[in-house]
Amino acid sequence: MSSHEPLAVIFGCAATSLRDEERDFFSGTRPTGFILFRRNCDNPAQLRALVASLRESVGDPSAPVLIDQEGGRVARLQPPHWRRYPAAATMAALGGENAREAAFLSARLIADDLAALGVTVDCLPVLDLPAADADPVIGDRAYGNDPDLAARLGRAAGEGLLAGGVLPVIKHIPGHGRAAVDSHFALPRVATDRATLDRTDFAPFRMLRDMPWAMTAHVLYEAFDSRLPATLSRQVIDTVIRASIGFDGVLVSDDLSMQALGGSIGARARDALAAGCDLALHCNGNLDEMKQVAQAASPLTAIARRRLDLGEALRARPTPFDRAAAEARLDALLAGWA
């Protein structure tokens, strides 16, 4: 670990432009990157300026800037300035090659939107397999409950983003689909045995283990750790995510301010990094909380830097793209979707 590395954190900000106190804080603490939410996104010119000022605050023109632009009900960019995209389940319902093509085109168009803004990382695709009795927080954000289908459509979405110069994030590793409560509000506990999890929930992540980024699940898997959720569990990160699934990309925690995690906000950041997350994610833009996170966090490790650099190397120049043709084809595939 070297002291000149930035802090191993991703921060949000409060509004549509940086306040002076935020700029000073980011300049002093040097987070690795940033994440955008609806509160930050008003129009393209404003958002381009905000993204530029975030990077300027840390002196890194290639600092990762993340967003959750999935389509469906999780879309930080909204009409009239940005296109509305279908939920994952809507595309999966098309079936066969049409579903795969729709997943690719939707992601390729999203990448085109994001690249124009300077946003380089999209928290898509969702590879969770929603169980029948699960909380609806995942629901139609997923491609369904078949591991092979989720992997096939998730890969199409990931390739669509990469073709547009945007890095995909597979989530929520190793699987949020069985969670009976929403991890924004409480800690989900999953009692399913190892063999079943390995065959189902973990399978799509294993099939997409070559993707550059992944986001953890704030879910406790009793078969692996009776005390801690995946985000804070060295056992789950080492034995499941890194060894069994074989994921060796950038591992970012889900949002530290979600109530699935106990303890102070600073302790959550410290414990997520100690467990093996490369980056701790804090989303709500609360400056007092960010100060606690920064105080508890450590600099980016050498292996995390290597993983980030490998991801950046994948962000080659976007492949040639006819947006009008892609939109027309996606509209044709989705004819009747409202």
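Couple of notes before you dig in:
- Unmet requirement for F224, which otherwise passes all of (1) in a loop (DSSP other than H, G, I, E, B); (2) in contact with an Asp or Glu (Cβ under 9 Å, 6 or more places away or on another chain); (3) modelled with pLDDT of 95 or more; (4) not charged (D, E, K, R): (2)
- Any hit, the stretch 57-65, residues being modelled with pLDDT under 95, at positive phi and of a type outside the set (A, V, I, L, M): no
- Once the stretch 208-237 is narrowed to residues that are closer than 30 Å to A163 by Cα and of a type in the set (S, T, N, Q), the residue that is surrounded by the most Cβ atoms within 10 Å (Cβ to Cβ) is T231.
- The test for being surrounded by fewer than 16 Cβ atoms within 10 Å (Cβ to Cβ) and among the aliphatic types (A, V, I, L, M) holds for A186.
- Qualifying residue in the stretch 295-314 (condition: among the hydrophobic types (A, V, I, L, M, F, W, C), out of contact with any helix residue (DSSP H, G or I) (no Cβ under 8 Å at 6 or more places or on another chain), free of Cβ contacts under 8 Å to residues at least 24 places away in the same chain and surrounded by fewer than 20 Cβ atoms within 10 Å (Cβ to Cβ)): yes
- Options R209, R227, R189; residue that is free of Cβ contacts under 8 Å to residues at least 24 places away in the same chain and of a type outside the set (D, E): R227
- Filtering the stretch 315-336 to residues that are over 22 Å from D122 (Cα atoms) and surrounded by 14 or more Cβ atoms within 10 Å (Cβ to Cβ) leaves R329, L333, L334.
Listed here are the residues, each with its yes/no results for (1) under 16 Å from L287 (Cβ atoms); (2) among the hydrophobic types (A, V, I, L, M, F, W, C); (3) surrounded by fewer than 14 Cβ atoms within 10 Å (Cβ to Cβ); (4) over 20 Å from the mean Cα position of the chain (by Cα).
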site: A8; (1), (2), (3), (4): no, yes, no, no
site: C13; (1), (2), (3), (4): yes, yes, no, no
site: L18; (1), (2), (3), (4): yes, yes, no, yes
site: D24; (1), (2), (3), (4): yes, no, yes, yes
site: T29; (1), (2), (3), (4): yes, no, no, yes
site: L36; (1), (2), (3), (4): no, yes, no, no
site: C41; (1), (2), (3), (4): no, yes, no, no
site: P44; (1), (2), (3), (4): no, no, no, yes
site: S57; (1), (2), (3), (4): yes, no, no, yes
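- Residues in the stretch 24-81 that are among the aromatic types (F, W, Y) and outside any helix (DSSP H, G or I) were compared, and the one that is farthest from K291 (Cα to Cα) is F37.
- Residue match in the stretch 260-276 (condition: modelled with pLDDT under 95, in a loop (DSSP other than H, G, I, E, B) and either surrounded by 19 or more Cβ atoms within 10 Å (Cβ to Cβ) or under 18 Å from the mean Cα position of the chain (by Cα) (or both)): yes
- Check on F247, outside any loop (DSSP other than H, G, I, E, B) and either within 23 Å of G144 (Cα to Cα) or in contact with a Pro (Cβ under 6 Å, 6 or more places away or on another chain) (or both): no
- Looking across the stretch 70-89, just one residue is touching a Cys at 6+ places or on another chain (Cβ under 8 Å) and in contact (Cβ under 8 Å) with a residue 60 or more places away in the chain, and that is E70.
- The set of residues in the stretch 165-201 being among the charged types (D, E, K, R) and either in a loop (DSSP other than H, G, I, E, B) or touching a His at 6+ places or on another chain (Cβ under 8 Å) (or both) consists of R178, D182, D193, D201.
- Meets criteria (of a type outside the set (G, A, S), touching a residue at least 12 places away in the same chain (Cβ under 8 Å) and within 20 Å of D146 (Cα to Cα)) for R270: no
- Every residue from the stretch 132-158 that is closer than 13 Å to T200 by Cβ and part of a helix (DSSP H, G or I): P147, D148, L149, A150, A151
- Evaluation of I265 against (1) farther than 24 Å from G118 by Cβ; (2) out of contact with any His (no Cβ under 8 Å at 6 or more places or on another chain) (one fails), failing number: (2)
- Annotation: of all residues in the stretch 90-117 being without any contact (Cβ under 8 Å) to a residue 60 or more places away in the chain and not in a helix (DSSP H, G or I), the one that is nearest to L36 (Cα to Cα) is A93.
- Among residues of the stretch 85-113, those that are buried (at least 20 other Cβ atoms within 10 Å of the Cβ) and either closer than 22 Å to R317 by Cα or in contact with a strand residue (DSSP E or B) (Cβ under 9 Å, 6 or more places away or on another chain) (or both), counted: 16
The values are calculated or read from the model by the stated rules, or taken from the named source; none is laboratory data. Quick caveat, the model's predicted, so the values are computed rather than measured. Quick reminder, even Gly has a Cβ in these numbers, built from the backbone with ideal geometry, and neighbours come from all protein chains shown.
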